[in-house]
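Data block below; observations after.
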Amino acid sequence: MSNLSISDMARAKPPTPYLDGLNDEQRKAVETMDGPVLVLAGAGTGKTRVLTTRLAHILATGRARPWEILCVTFTNKAAREMKERVGAIIGDAVEGVPWLGTFHSVSAQILRRHAELVGLKSSFTILDTDDQLRLLKQIIRAAEIDEKRWTPRHLAQTIDGWKNRGVLPSELDENDRWSFAEGKGQELYATYQARLRTLNCCDFGDLLLHTLTIFKTQADVLAEYHRKFRYVLVDEYQDTNVAQYLWLRLLAQGSNNICCVGDDDQSIYGWRGAEVDNILRFDKDFPGAEVVRLERNYRSTEHILAAASGLITSNKDRLGKTLWTEDEGGEKVEVRGLWDGEAEARFVAEEIENWVSKSHPYSDTAVLVRASWQMRAFEDRFIMLGLPYKVIGGPRFFERAEVRDAHAYMRLVRSHEDDLAFERIINTPKRGIGDTTVQKIAIAAREMNVCMSDAARTLSQTDEIRGKARTSIKVFLRDMDRWREQARDSRHDELAEIILDESGYTAMWREDKTPQAAGKLENLKELVRSMGEYETLEAYLEHVALVTDLDRAGDEDEVSLMTLHAAKGLEFPLVFLPGWEETVFPSQRSLDEKGTRALEEERRLAYVGITRARERAVLTFTANRMIYGRWHSVIPSRFIDELPADHVEARSDTGIYDSSGPGFENVHTPPSPSASSYSSPGWKRYQANSAAGKGSRPPTINAKANLIQSGNAGDTTGKWKTGDRVFHDKFGYGKVKRVDGSKLTVRFDKAGEKKVVESFLKDLP
DNA sequence: TGGGGGCACCTTTTT
DNA sequence: GGTGCCCCCA
């Protein structure tokens, strides 16, 4: 391993202006070459800058030509950003970095060149989740498995998990085999793969898995890529799964020049198969690896950084970094307790208006939630106030039904063998071709060993299918033939318009009087427009298969509302982090499923959240939370306790938590679920379930009105009787002394005070 | 075949 | 609380 020192390099090459302004650690990360390098880049330390500069540096110093560099990212956004930034440094030559892209797009490129090695044609289509589920459903039905108990979704997840680990059907171990439908998992997986091959299809996982198989089994192909790729760059290494890791390791064996950039503290996709372990054992996987730490944060003020750093030290599985900033002081992280979700939304909206009134733009602020259902309360409030906002990562354009229908038409025109497309649109719009007819066609197709279009053609000439269905099929097939004819000599976007029109698809939505219909028509217009941006139909379809959303103009002055996951890589001067309550954040469900590992991942999510803030981070929790129409009495997140007190300022508006003194240490944490007030049968059942690894929701506690009855988990009807233990927002815990219609007399523990709480029942919302 | 009503579901989701 | 899915009925 020869490691040139920085001065050696400076001597060897002329000064390089793009290196100006980098700090020492960043320079080291850019210039350390000739061996594996792991750049541990903390939040806000200039990760993307280092990666792009490194790529530019390799090109500028003539170490490799653009097509000799493999550079993989996870998102299209990151890939695009890199292209732009490298372009800005070294000029237009980037157009010629053909192997810069996402894991999946690079894999697709490779796979198209060698598809026949895994039994596919190079024109294979990339399936989306919807197609995948439909296919799996058919397979489960065919295997006569109870599809209620073993759902297609469940199978999709299981198979995805296997693919993420790079495991083929034949390679499953005993444990895996039994993880679905009493040992039938393996067979189903094999059937699914065989079906995909017949249909000449790939799902997302296959793009990587097939490429991996080729690398593993075809030494000459691998050698070709070893010769080709002299440098390998990887972004967000902490999010790689096992398949991606194996893929990278095989490719990097050639040059041994691999540079991975990542942050173990920001690994938040474990539930999708990402393995933090990959980054944790980098130096063992790649012997002689240099590890460069980027620890200077350019984003946040001292308090924000310290609060986040303090929190993340509770994690055991981490390499450890000490982030620092020159931006001393600033505002402490604010923690606020609110009565319920509505109060929380009111509070956040008010704070945003305050901020804006000090002549800041709305776009300075973001609300980051754990789960998307939390967004609604904020949307309601924002709409009521007329406060401009946008939801980031909402329903995806290319996943909308109407867009997918249109794609199916195009796919079927392109290839009449696309059975999935055929099934999707044969009766959309309604043509009187129902399930029975489709089933007949499917069975005939299987018997004759032809595609469904061909089977339908044959059947329509016999008496197998009669009446309306028969004429409809004939018309449909004739239309298809005509469109295929037209496809030869018309632009694909114009053809799309013709097809949507003539098939009656547009008309279907025009006649639809539901409020959504107008939006659907808009989307179809947008679809035709975006098709026009691609040279060919193939290029367009490849693009939509690998890209999940259209770019939206992001320059409007609006508050951003999104999940914590969607916030990775972004930053805002003012960040709100609502819903820091046990069961919500950390999410009870992920804890139930994966225990400690999940807890650490939730903590990393908290870390990601706080580190999005440049100037102010405001964290809120409530006492009562409405989840799926039920009230839950909730307690503050353990993550709040884990924040270093010196960097936090806590206030409470609820009266529940003792706010008599200043400072975080005076916030009274209510009893945890193990404490006496939560020792009801419901809680016990819940705890037993959790311990046994079974997911179950915490019991519902009646929290309507201003009075919470503690521990009546089973009974949520709001019946009160003498002796009930109660909890009041102002007076704390107490005992019911007398019940008189809607009037309660309660003695409160703390003050020993007797209060008459009137008419709370009739105030129920 | 297609529409209506009952019912189970309900996290995060770069590709 | 809202939605998508399945079954049953016309």
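Need one number: nm distance between label points at A:His154 and A:Glu511, each 7 Å from Cα along Cα→Cβ, rounded to one decimal.
The two pseudo-label positions are separated by 4.0 nm.
Can you tell me the Rg and Dmax of region A:388-484, counting just the alpha carbons, in angstroms?
In order Rg, Dmax, the Cα atoms of region A:388-484 give 15.9, 61 Å.
Could you work out how much longer the chain between A:Glu187 and A:Arg376 gets when fully extended? Use 0.36 nm per residue separation minus the Cα distance between them, nm to one decimal. Mind dumping the intermediate values first?
Working: separation 189, 0.36 × 189 = 68.04 nm, distance 4.23 nm.
Computed gain between A:Glu187 and A:Arg376 is 63.8 nm.
Semi-axes of the equivalent ellipsoid of region A:76-133: what are they in whole Å, largest first, if each equals the square root of 5 times a C-alpha gyration tensor eigenvalue?
Working: eigenvalues 168, 47, 9 Å².
In descending order the semi-axes read 29, 15, 7 Å.
Give me the extension gain from A:Glu147 to A:Lys228: residue separation times 0.36 nm, minus the current Cα-Cα distance, reported in nm with one decimal. Write out the running numbers ahead of the final one.
Numbers: separation 81, 0.36 × 81 = 29.16 nm, distance 4.70 nm.
Taking 0.36 nm per residue and subtracting the Cα distance, the gain is 24.5 nm.
Which whole-percent values make up P(r) of region A:455-506 when all C-alpha to C-alpha distances are grouped in 5 Å steps starting at zero?
Spelled out bin by bin, region A:455-506 gives 4, 19, 24, 18, 14, 12, 6, 2 percent.
Output wanted: per-residue J couplings in Hz (rounded whole) for region A:431-446, from phi through Karplus 6.51 cos²θ - 1.76 cosθ + 1.60, θ = phi - 60°, x for Gly and Pro.
With the stated coefficients, region A:431-446 comes to 10, x, 10, x, 4, 4, 4, 4, 4, 4, 5, 4, 5, 4, 4, 5 Hz.
If you place +1 on the Cβ of every Lys and Arg, -1 on the Cβ of every Asp and Glu, and leave all else neutral, what size is the dipole of region A:159-220 about its Cα centre, to the nearest 20 Debye?
160 debye
Return an integer: the convex hull volume of the alpha-carbon atoms of region A:300-390, in Å³ per residue.
Numbers: hull volume 13.0 nm³, N = 91.
Cα convex hull per residue, to the nearest whole number: 143 Å³.
How big is Rg to Rh over region A:337-440, alpha-carbon atoms, Rh as the Kirkwood inverse-mean-distance radius? Spell out each step's value before the answer.
Numbers: Rg = 22.7 Å, Rh = 17.7 Å.
Taking Rh as the inverse mean 1/r over Cα pairs, Rg/Rh reads 1.28.
Under the rule of at least 5 residues apart or a separate chain, name every residue whose amide H is placed under 5 Å from the amide H of A:Val559.
Under 5 Å from the amide H of A:Val559: A:Tyr389, A:Lys390.
Output the direction-averaged projected area (hull surface divided by four) of the convex hull of the alpha-carbon atoms of region A:34-107, in nm². Kindly include the intermediate steps, with their values, before the conclusion.
Numbers: hull surface 20.6 nm².
Average of the hull's projected areas for region A:34-107 equals 5.2 nm².
Which value in Å is the Kirkwood Rh of region A:224-268 over different Cα pairs?
Across region A:224-268, the inverse of the average 1/r is 11.0 Å.
Residue by residue through region A:77-82, what is 3J(HN,Hα) from phi via Karplus (6.51 cos²θ - 1.76 cosθ + 1.60, θ = phi - 60°)? Round to whole Hz and write x for glycine and proline.
Result, ordered by residue: 4, 5, 4, 5, 4, 5 Hz.
Would you please give the FRET efficiency between A:Arg281 and A:Tyr628, computed as 1/(1 + (r/R0)^6) with r the Cβ-Cβ distance and R0 = 56 Å, to the nearest 0.05? Please list the in-between numbers first.
Numbers: r = 40 Å, r/R0 = 0.72.
So the FRET efficiency works out to roughly 0.90.
Could you tell me the distance between the Cα centroids of region A:418-457 and region A:42-91, to the nearest Å?
What the calculation gives is 47 Å, centre to centre.
List the residues whose amide H sits under 5 Å from the amide H of A:Glu582, counting only those 5 or more places along or on another chain, with H placed 1.01 Å from N in the peptide plane.
A:Ile635, A:Ser637, A:Arg638
Looking at the square roots a ≥ b ≥ c of the eigenvalues of the Cα gyration tensor of region A:374-427, which shape do they give, rounded for a/c under 1.5, prolate if a/b is larger than b/c, or oblate? Let's see the in-between values first.
Working: a/c = 4.77, a/b = 4.15, b/c = 1.15.
Here region A:374-427 falls in the prolate category.
What relative contact order, as a whole-number percentage, does region A:244-368 give when Cα pairs under 8 Å and 6 or more residues apart are counted?
On the way: 67 pairs, mean separation 23.8, N = 125.
Normalised by residue count, the contact order of region A:244-368 is 19 percent.
With +1 on each Lys and Arg Cβ and -1 on each Asp and Glu Cβ, how big is the dipole of region A:252-360 about its Cα centre, in debye rounded to the nearest 20? Kindly include the intermediate steps, with their values, before the conclusion.
On the way: 13 positive and 22 negative charges, 71 e Å.
Computed charge dipole of region A:252-360: roughly 340 debye.
Give me P(r) over region A:534-612, computed from all C-alpha to C-alpha distances, binned every 5 Å, as integer percentages.
Per 5 Å bin, starting at zero, the Cα-Cα P(r) for region A:534-612 comes out as 3, 11, 17, 16, 13, 12, 12, 8, 6, 2, 0 percent.
What ratio of Cα Rg to 2.2 N^0.38 Å holds for region A:137-245? If you can, show how the numbers build up before the last one.
Numbers: Rg = 16.1 Å, N = 109, 2.2 N^0.38 = 13.1 Å.
So region A:137-245 has a normalised radius of gyration of 1.23.
Using every alpha carbon pair in region A:230-350, what percent of pairs falls into each 5 Å bin from 0 up to the bin containing the largest distance?
Computed distribution, short to long bins: 2, 9, 15, 16, 14, 13, 11, 8, 5, 3, 2, 1.
May I ask you to order A:357-366, A:536-545 by the average number of other C-beta atoms within 10 Å around their residues, highest value first?
Values: A:357-366: 15.5, A:536-545: 17.2.
Result, highest mean first: A:536-545, A:357-366.
Readers should treat all values here as calculations from the given coordinates under stated rules, not as data from a laboratory. The structure presented is a predicted model; accordingly, all values stated were derived computationally and were not measured. Using ideal geometry, Cβ is built from the backbone for each residue, glycine included, and neighbour counts are taken over all protein chains shown.
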